[in-house]
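Here is the structure we will look at.
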There are 2 protein chains.
Amino acid sequence: MSDRKEFRDLASPEAAREAIDSLDIGGGTETVGLAEARGRVLAERVDASVDVPGFDRASMDGYAVRARDTFGAGERDPAVLPVIGTVHAGEAPAVSVEAGEAVEISTGAVMPDGADAVVMVERTSERDGDGERGGDGERSVAVETAVTPGENVMLAGADVAAGERALGPGTRLTAREVGLLSALGVESVPVRARPRVAIVSTGDELVRPGGELDTDAGQIYDVNTYTTAAGVGAAGGEAVVYPHVDDEADAMAETLTEAAADCDLVVTSGSTSASAVDVVYRVVEERGELLLHGIAIKPGKPTIVGRIGDAAYVGLPGYPVSALSIFRTFVAPAIRAAAGLPEADSATVTGSMATRDRYEAGRRRLLPVGLVTDGDGETLVYPVDKGSGATTSLTEADGVVDVPADTSYLSAGETVTVELFSPDVRPPTLLGVGEDDPALSRLLDDLARPRYLARGSRPGLRWLRDGIADAAVVAGPVEDRPDAVELGGWEREWGLVVPAGNPADVAGLADLVDRELSFVNRTTDSGLRTTLGAAMADLADERSVDRHEVTDAVTGFDLDRRAFESPARMVAAGDADAGLGLRATAADLGLGFVSVGTETVRVLAAPDRTGKDSLSRLEARLADLDGYLDGLEGYDAE
Amino acid sequence: MSDRKEFRDLASPEAAREAIDSLDIGGGTETVGLAEARGRVLAERVDASVDVPGFDRASMDGYAVRARDTFGAGERDPAVLPVIGTVHAGEAPAVSVEAGEAVEISTGAVMPDGADAVVMVERTSERDGDGERGGDGERSVAVETAVTPGENVMLAGADVAAGERALGPGTRLTAREVGLLSALGVESVPVRARPRVAIVSTGDELVRPGGELDTDAGQIYDVNTYTTAAGVGAAGGEAVVYPHVDDEADAMAETLTEAAADCDLVVTSGSTSASAVDVVYRVVEERGELLLHGIAIKPGKPTIVGRIGDAAYVGLPGYPVSALSIFRTFVAPAIRAAAGLPEADSATVTGSMATRDRYEAGRRRLLPVGLVTDGDGETLVYPVDKGSGATTSLTEADGVVDVPADTSYLSAGETVTVELFSPDVRPPTLLGVGEDDPALSRLLDDLARPRYLARGSRPGLRWLRDGIADAAVVAGPVEDRPDAVELGGWEREWGLVVPAGNPADVAGLADLVDRELSFVNRTTDSGLRTTLGAAMADLADERSVDRHEVTDAVTGFDLDRRAFESPARMVAAGDADAGLGLRATAADLGLGFVSVGTETVRVLAAPDRTGKDSLSRLEARLADLDGYLDGLEGYDAE
């Protein structure tokens, strides 16, 4: 075990930020067309090379005149002028205006020579009559207002004049700037290049999403590659995804060297096993420089910062939650800066801790938290800590609370500031906790931004009792029910899921006890498990034996699985003869089913939250369940 | 004029929003790979189809054991267990753990059969000695702590269980959701399709940016195409840019019909001339439905909403400021909704009006405004109204104030709420107004987010006096100088810009008076014009005549141009014999130059704003000007 690297001299977060900021990660210039310019950052000033408008332009529909000819005109005493021609937008005037004449003109058209103002059409009335200059034309116009020289005319260059500074370097291009550039006739602009960021996940156990997983050999899907790539894109960089590499020295050295030659920044993740770190060290030390390893922050301690060749290098931890936290905190700001983007908008929310939360001292902690609004509209903050190995922590949290190294706990009710993951984050409208159920999944699809934690019935009741959840969804018999408002519910048929055709001819629970059948149960958090327990107790009563006598006789009664489909899936995989489950699940997976009974699923709301819109909407949907139960075998509205 | 369409029955903004919301603009589904999923919106629920992790996984580096074997162990009384093998991440365990044995295990590795807990490596010490099961192996480990069953183990499905609801429809995919999808092995997801939006600019006078402009024929660059396309992209749509069409009936009908067949929404702009509107009407009425024309809002009255075939149709006004305002207010929200995106973040700022601003009553107005921070850190709001034909209004404003139809003025000092164009908008750090100057352009490039309005010296002094601008940049003699702090300045050589080689042999100002030469002046707002006026007055004094006698003798003395390069450009174009300008401009454009004198350019700061960081930075740069003047002929630090 002597070759295990440990991270003993941890850098402070401030030092880590400085180290990453000291790296050079791009900042070149490229030229893009206006159609691709949105969101990019100007690399150089753009001066106008033309006048806008390029000519004296009518800014109203009406008549081009010499202003002097309208002096004194009014509705009662209009100036009647012959109309000697027309100018439309996009054509050169064919006539010029002499004293006492008018030319009909469209908005945007070139002012004819001799005219210095436009009378808007609404202040005129055209008359038949002699008009054309020197001939027997027919048109004249009665001008019912006086105009001043220049009125309703935009002079050449009045908007932007040639030579004028139009946009400065560093300007982020939105529709508005694209508009100004269009007006100047600029078709392409020099912008800051997007830093190229190589993404290399490492680990013998990784399989790219979409591939086949050998779970017996401990394979898992590669989470960090696409997650980091998405983060790079959001920070204004260009992600270059490399195939993940095994912890094998030569292959990793080759990939890192190639990536460093091609990109501005190389980001690896997961190189924390002993052999991998050795390889990274060797490459960094041979071809670059190691700036730090280890940051005094949680999650994310095992982080490496350095250079490989001319490229910057950051080694992220392997656990997705840690990797993304370090990326967001340290790497994304450096990419944004290199791309010329302003610092990311951050948004904070103040709330109070819903529970007490304790910490080991020693490292600053970015505590992932979820948010929920209580009945008074106040924000409650609860920690989301499923371990850094859990990817669901990524989506069950809304932001982080920055807990200093010397803080050993946050008290319930303590006011904390939550930095949202981004200003786009909208906390959920509803926080539900409880039983997993296919009808519930459909109901949730019909609500706007619900958060539902399928932890089981017991945790649901606990979260409700603790004043965190808005609603709990519980199945089966409920002991010690908290004060709650029942919003509705449904019945579901449960029993034993068996292979298709029921080859072992399982007849019911008694067979589990009396025959050599392997069984898969659900965890005790599950309401269905409680329902099974009650049925087993009934069976024991029938036989006048102790409950444990029957359950101990079931092979696999303690083999419990968290999710409602898991036992059925084990049956489908041939790993068990029967599993605790629902008729609907068996039908869905094409398995056999031995019915044991029905149980009620109830949706319970916290009494002080019933004013929340989301609970009203949920209640309304519960009142008309048929659509949601459609096609679910064994389901019935209560 | 009888065929001019007018917009008499204006729809209320609310009715316009309803009309646009009633249109069906897409909402289909497409499948994208994880690498392209960022920013997209899930069209359907994603349930987990695998357990995560897929096996019972060690969550620490250490030793897999039976927990029972560690009960009672501590530092003083460790449990010494033989180490019978090793399991790395990504491999199937080759051994199983019997009572009294340990297996070395890496984070992420599969728990070997028989083991139910992991002792973290930090709480162990490995010893040499007999270890291998049944043989003369060498390894054993002293376990210095007790662990409970399940400790440091993540059970299969504990993160996400197969069948569990993972992400609901309508979820916007960020790095975090991409992470969860990766963990589930999902490689592609069903997302809301981006509404396809056809963009058709209309007008005989339009030329696509990059093309050659015939200004004599009233041609202008097409601003709305790329501007609207950028807006469509920002709203989550896919812009399909069509070539702009003339106001010719058949071509326009054909393009609109084709666009409607190919896209979900057709957006035209500029079809407000009589003939174009007729064509649009005909197409909409023949092939669709007209829902409204004309909205009671300013800018943007001439807007059309309807259907063409199966596509939605919106006709925007032609003026870019109006077009973008209507797009932003009415069209972008509809595109976002169709794309499944939440309503755009909006951000508001409260400030006080810097000046009184009057309105014609009758139409609700979205008044474009700029923001500046005064010396007390308070936000001042000033109207940006260069006419809806001015594209610079696009970039000189930071947001809009919503002024109700019945409000006829806003008072100076009145508190107003400004809706920023987007939450990304950062008001400028510095507001300068005054003379246009090439050295100043370079200085501005070196400041972060300055806004400079090159209106000329006189407006600069006025904005300073009115307490709006932070700084004024003035050239030449200053009469009636307001109370101000001079931050610095420089000298520039001015005179007459003439064709290269000075073919007319112009010697100085007297030649303009005495010879038949055509001249181009600057506007009276320009400091350079004031300097010229003073020189002309000196000439008149020399000749003992009235000042007007000399200026009246100059052909073109009243032909004034706004920007500092404009007279020189007219000389370059052969439209004048001499123009008022700078030596630097003549050198830059390869023209001849007849020196008349030098003038000082001064940067004046508002005394109550000198505490602003941006002014300190400007002053520091002014103290060391050499780099900025480099290569500018006729420039000298003061």
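With unit charges on the beta carbon (Lys/Arg positive, Asp/Glu negative), name the residue among A:SER526, A:THR551, A:ILE468 whose Cα is farthest towards the positive pole of the charge dipole of the range A:430-638. With unit charges placed on the Cβ atoms, the residue in question is A:ILE468.
Across the identical copies, the 7 Å label point of B:ASP445, projected outward along Cα→Cβ, sits 5.7 nm from its counterparts, in ascending order. FRET efficiency for the A:THR148 to B:ASP113 pair, using the beta carbon distance and R₀ = 56 Å, is estimated at 0.05. The distance between label points at B:ASP24 and A:GLU138 comes to 4.9 nm (points 7 Å beyond Cα on the Cα→Cβ vector). Relative to the longest principal axis of the Cα atoms of chain B, helix B:274-287 runs at roughly 30 degrees.
Taking 7 Å steps out from each Cα toward its Cβ at B:ASP480 and B:THR524 produces label points 1.1 nm apart. In a reduced charge model with +1 at each Lys and Arg Cβ and -1 at each Asp and Glu Cβ, the range B:432-638 shows a dipole moment near 780 debye about its Cα centre.
Rounded to whole numbers, the Karplus 3J(HN,Hα) couplings from phi for the range A:566-583 are 4, x, 4, 5, 5, 5, 4, 7, x, 8, 7, 8, 8, x, 6, x, 9, 4 Hz, using 6.51 cos²θ - 1.76 cosθ + 1.60 with θ = phi - 60°, and x at Gly and Pro. Projecting the Cα atoms of B:THR355, B:THR415, B:LEU367 onto the charge dipole of the range B:348-427, computed from C-beta unit charges around the Cα centre, puts B:LEU367 farthest toward the positive end.
Dipole magnitude for the protein assembly as shown: about 1840 debye, using +1 per Lys or Arg Cβ and -1 per Asp or Glu Cβ, origin at the Cα centre. Close amide H pairs (under 5 Å, H built 1.01 Å from N) link A:ILE105 with A:GLY62, A:TYR63, A:ALA64, A:VAL87, residues at least 5 positions away or on another chain.
For chain B, the longest principal axis of the alpha carbon atoms and the long axis of helix B:249-262 meet at an angle near 10°. Using a cutoff of 8 angstrom between alpha carbon atoms and counting only pairs six or more residues apart, the relative contact order for chain B works out to 11 percent.
The relative contact order of the range B:432-638, computed from alpha carbon pairs under 8 Å that lie at least 6 residues apart in sequence, is 33 percent.
Cα centroids of the range A:560-633 and the range B:551-625: 77 Å apart. Shown in residue order for the range A:147-159 are the 3J(HN,Hα) couplings computed by the Karplus curve 6.51 cos²θ - 1.76 cosθ + 1.60 at θ = phi - 60°: 10, 9, x, x, 5, 6, 10, 9, 6, 3, x, 5, 7 Hz (x for Gly and Pro).
Restricting the range B:356-396 to GluC sites (Glu not before Pro) that sit in a DSSP loop and have at most 16 other Cβ atoms within 10 Å of their own Cβ leaves B:GLU360, B:GLU378.
Once backbone amide H atoms are built at 1.01 Å from N, A:GLU126 has A:ALA142 as its partners under 5 Å, excluding neighbours fewer than 5 places away on the same chain. When each copy gets a label point 7 Å from Cα toward the beta-carbon at B:ASP376, what are the spacings between them in nm, shortest first? Relative to the other copies, B:ASP376 has label-point distances of 3.5 nm. The value of relative contact order for the range B:57-154, using C-alpha pairs under 8 Å at least six residues apart, is 40 percent. Principal axis analysis of the Cα atoms in the protein assembly as shown yields extents of 127, 67, 49 Å, listed in decreasing size. Of all beta-carbon atoms in chain B, the one sitting closest to the axis that brings chain B onto chain A gives B:PRO423, 3, with the distance in whole angstrom. Modelled spin labels at A:ASP402 and A:GLU491, positioned 7 Å past Cα toward Cβ, are 5.7 nm from each other. Net length available on complete extension from A:GLU343 to A:ALA573 is 77.8 nm, with 0.36 nm assigned per residue and the Cα-Cα distance removed. In this structure the amide hydrogen of A:TYR452, modeled in the peptide plane, comes within under 5 Å of the amide hydrogens of A:GLY432, none closer than 5 places in sequence on its chain. Here the extension length gained between A:VAL32 and A:ALA553 equals 180.3 nm, from 0.36 nm per residue of separation less the Cα-Cα distance. Sorted shortest first, the distances from the A:GLU285 label point to those of the same residue in the other copies are 8.4 nm; each point sits 7 Å from Cα along Cα-to-Cβ.
The residue among B:MET154, B:ALA58, B:PRO93 whose Cα reaches farthest toward the positive pole of the charge dipole of the range B:57-154, with charges on the beta-carbon of Lys, Arg, Asp and Glu, is B:MET154.
Regarding the range B:513-638, what is the average projected area of its C-alpha convex hull, in nm²? Show your work: numbers first, answer last.
Values: hull surface 38.3 nm².
Computed as one quarter of the Cα hull surface, the answer is 9.6 nm².
Return the calculated 222 nm mean residue ellipticity for chain B, to the nearest 500 deg cm²/dmol, obtained by summing -39500 (n - 2.57) across DSSP H runs with n ≥ 4 and dividing by the residue count. Each step should come with its number before you reach the end.
Details: 17 runs with 150 residues, N = 638.
When only DSSP H runs of four or more count, the value is -6500 deg cm²/dmol.
For the range B:57-154, the spread of Cα positions along the three principal axes, ordered from largest to smallest, is 32, 28, 20 Å. In the distance distribution for chain B, Cα-Cα pairs more than 49 Å apart total 41 percent. Put a plus charge on the Cβ of each Lys and Arg, a minus charge on the Cβ of each Asp and Glu, and nothing anywhere else: the dipole of the range B:76-175 about its Cα centre is then about 620 debye. Kirkwood analysis of the Cα pair distances in the range A:348-427 returns a hydrodynamic radius of 12.8 Å. Compared with the direct C-alpha span, the chain from A:ASP250 to A:ASP385 gains 44.9 nm at full extension, assuming 0.36 nm per residue.
Laboratory data are not the source of any read-out in this text; all were calculated from the coordinates shown. Because the structure is predicted, anything quoted here is derived from the model rather than measured. In this analysis, Cβ positions are derived from the backbone assuming ideal geometry, glycine residues included, and neighbour counts consider all displayed protein chains.
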